[in-house]
There are 2 protein chains.
Amino acid sequence: MIVLLLYLRSNILIMINLLSNLKIQVPDKIYIKDPESSDLGKRIIQHSILLIEEIGFDSFTFKKLGAKIGSNESSIYRYFESKHKLLLYLTSWYWAWIEYQLVFATFNMPDKKEQLFKAIDVVTKTIEEDVEFSHINEVVLNKIIINEYSKSYLTKEVDSENKEGYFVVYKRLIKRLSDMISNVNKDYKYALSLASTIVEGALHQHFLKEHFSSITDCNKDITPTEYFKELTTKAISK
Amino acid sequence: MIVLLLYLRSNILIMINLLSNLKIQVPDKIYIKDPESSDLGKRIIQHSILLIEEIGFDSFTFKKLGAKIGSNESSIYRYFESKHKLLLYLTSWYWAWIEYQLVFATFNMPDKKEQLFKAIDVVTKTIEEDVEFSHINEVVLNKIIINEYSKSYLTKEVDSENKEGYFVVYKRLIKRLSDMISNVNKDYKYALSLASTIVEGALHQHFLKEHFSSITDCNKDITPTEYFKELTTKAISK
DNA sequence: GTAAAAATGATAGTATTACTATTATATTTG
DNA sequence: CAAATATAATAGTAATACTATCATTTTTAC
């Protein structure tokens, strides 16, 4: 019985194991004090995810978060200089986590086409299972990424923040995917644009599915993953 | 000489002519008082576009706008109940204007493939010439759409606002494009998703080109239009 | 041409936001 | 156990996102 359970959830169990040794790396200029370094820091991350999902990023404030975790607004400011930086932290964490899965799941795959498909799987799927042993709820975080990610870069400060390295994780992920596209068809001229279209487009299709279902074909039967796999196949076919 | 000029700019001249008779229709629940109905209203629209482009939507306030146009904050509130509604107005106007061009430019084209290509042109290109006879600067508005459009729907109120009809113009545009895709290949299963990917994806590629050039192939030589035309061709090929 | 209606302007006020600064109190560590 | 560090509590500020009221100007209707 336990063996069967272990088998069914083996991927997740392996990941839990690795994650307990590995730390998802977020660019350190994003925070003032590393939230992973203390109990309060972890509670800030854990509950900010839940609160942003609950009330939306626009209504989210450090004061409300403080109330939720029974802590003081001023204490949260010692970790992040603004709610915008906290969002950058959460999004960087998310993409680093996705990147980790992408690398892990596609490692050593001899068939490059299969590898690319696996990668598309990872970057376009809905997160449905939460790695319960950490303070970060990935299912909820995935929802935040769909609803709020664009807000992290659609700002007047994007160029200076980009120079500071706040978006390196995301850009690295897109490049990895783009390389996998080129591995399948080295003559395809738009590997970077296709990679960025897949990642951003998948978030968008997930959003449309929830809120504007009349302008997407994605629904409970057709996933963004399916759509983007077939789009990619066609796009890079010779 | 004048004839030559007329010839070169004939598309624009025809548009000016039509636009002086036609009014771009925006869902009327978006505003309290129609800004097209008064001089102050037009100045609000004209200068909000310039100010949002200048300082970004997040820093934009009605007080600052009032200062720019030598009018009072309270007067602006008589036209729009919030800056969010003003953004909805601007985006609806923009998509209605794009829709108009799409319908106009593709009308009566017998070759359905050519028609689709023309439509992709219209929805993905950078706006470079401003119809100078109106108070709306379309070149600047296009930049705002690239930087701010997502913020108009990535909110907790999206479902209720959608029910109120605030996004009808955009959805209608996507449907038109989707129909054109189906006209070329009626068996293609993802016409709606492809249409929404093209429109949203083009805005995204324009943004990347400006701010994250390392993760797009688009640049001064390769346009999002070119990328999406070739992507579409491949996607719907049998 | 004037009276009524409508539009705009000026001023004031409110609750909230997004912080900074200071001081007090816990907690950890050497 | 003292010193260092972390957290909490409180206060304060300028700005935001409005609402309300009243005064003034402009438009329109007869």
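Annotation: per residue accessible area for chain B equals 47 Å², rounded to a whole number [probe 1.4 Å, protein chains only].
Over 18 Å between C-alpha atoms is what I'm after, so list which of A:186/A:234; A:42/A:64; B:125/B:151 land there.
Table pairs above 18 Å Cα-Cα are B:125/B:151.
Rolling a 1.4 angstrom probe over the range A:2-236 with all protein chains present gives an accessible area of which 52% lies on carbon and sulfur atoms.
Legend: residues in the range B:177-225 shielded by at least 40 square angstrom of accessible surface upon adding the remaining protein chains to the isolated chain (1.4 Å probe, heavy atoms) are B:190, B:192, B:193, B:196, B:197, B:204, B:207, B:211, B:212, B:214, B:215, B:217. If you run the Gaussian network model on chain A, springs between alpha carbon atoms under 10 Å, then out of A:124, A:216, A:225 the most flexible one is A:216. Paramagnetic label reach from residue B:185 (point 7 Å along Cα→Cβ; backbone nitrogen cut-off under 17 Å): within the range B:209-231, residues B:227-231.
Dividing the summed -39500 (n - 2.57) terms of all DSSP H runs of n ≥ 4 by the residue count of the protein assembly as shown sets its mean residue ellipticity at 222 nm at -21000 deg cm²/dmol.
Over all projection directions, the Cα-based convex hull of the range A:36-138 averages an area of 7.6 nm². Principal-axis analysis of the Cα atoms of chain A puts helix A:83-106 at an angle of about 40° to the longest axis. Where a ≥ b ≥ c are the square roots of the eigenvalues of the C-alpha gyration tensor, would you call the range B:173-238 rounded, which needs a/c under 1.5, or, failing that, prolate if a/b is larger than b/c, or oblate? Taking the square roots of the gyration eigenvalues as a ≥ b ≥ c, the range B:173-238 is prolate.
Calculate the translational D of the range A:2-236 in whole µm² s⁻¹ from Stokes-Einstein, where the hydrodynamic radius comes from the Kirkwood formula applied to all Cα pairs, the temperature is 37 °C and the viscosity 0.692 mPa s.
Once the numbers are plugged in, D ends up at 173 µm²/s.
Rolling a 1.4 Å probe over the protein heavy atoms leaves residue B:32 with an accessible area of roughly 100 Å². Cα centroid distance between the range B:44-88 and the range A:36-81, in Å? Cα centroid of the range B:44-88 versus Cα centroid of the range A:36-81: 31 Å apart.
A Cβ-based charge dipole, computed about the Cα centre of the protein assembly as shown with Lys and Arg at +1 and Asp and Glu at -1, lands at about 200 debye. A dipole drawn for chain A from +1 and -1 charges on Cβ atoms has a positive end, and of A:100, A:57, A:145 the residue lying farthest that way is A:100.
Taken along its three principal axes, the alpha carbon spread of the range B:61-117 comes to 53, 18, 15 Å, from the longest extent down to the shortest.
Computed about the Cα centre, the dipole magnitude for chain A is approximately 460 debye when only Lys and Arg (+1) and Asp and Glu (-1) carry charge, each at its Cβ. Phi angles across the range B:37-52 convert, under the Karplus curve 6.51 cos²θ - 1.76 cosθ + 1.60 with θ = phi - 60°, into 3J(HN,Hα) values of 8, 8, 5, 4, x, 5, 5, 4, 5, 3, 7, 5, 4, 5, 6, 4 Hz, Gly and Pro given as x. Remark: accessible area buried at the A-B interface is about 4400 Å², both chains counted, probe radius 1.4 Å.
The range B:209-231 to the range A:110-180: how many Å between their Cα centroids? The distance from the Cα centre of the range B:209-231 to that of the range A:110-180 comes to 20 Å. Hey, if you drop one equal point scatterer on each alpha-carbon of the protein assembly as shown and run the Debye formula without solvent, what base-10 log of I(q)/I(0) do you get at q = 0.09, 0.10, 0.12 Å⁻¹? Here the Debye-derived log intensity ratios amount to -0.66, -0.81, -1.16.
The values are calculated or read from the model by the stated rules, or taken from the named source; none is laboratory data. Here the structure is a predicted model, which is why all the values come from computation and not from measurement. Reconstructed Cβ throughout: ideal geometry from the backbone, glycine too, with neighbour counts over all protein chains shown. Each accessible area value is taken on the protein alone, full model and side chains, heavy atoms only, with ligands, DNA and RNA left out. Shrake-Rupley method; radii C 1.70, N 1.55, O 1.52, S 1.80 Å.
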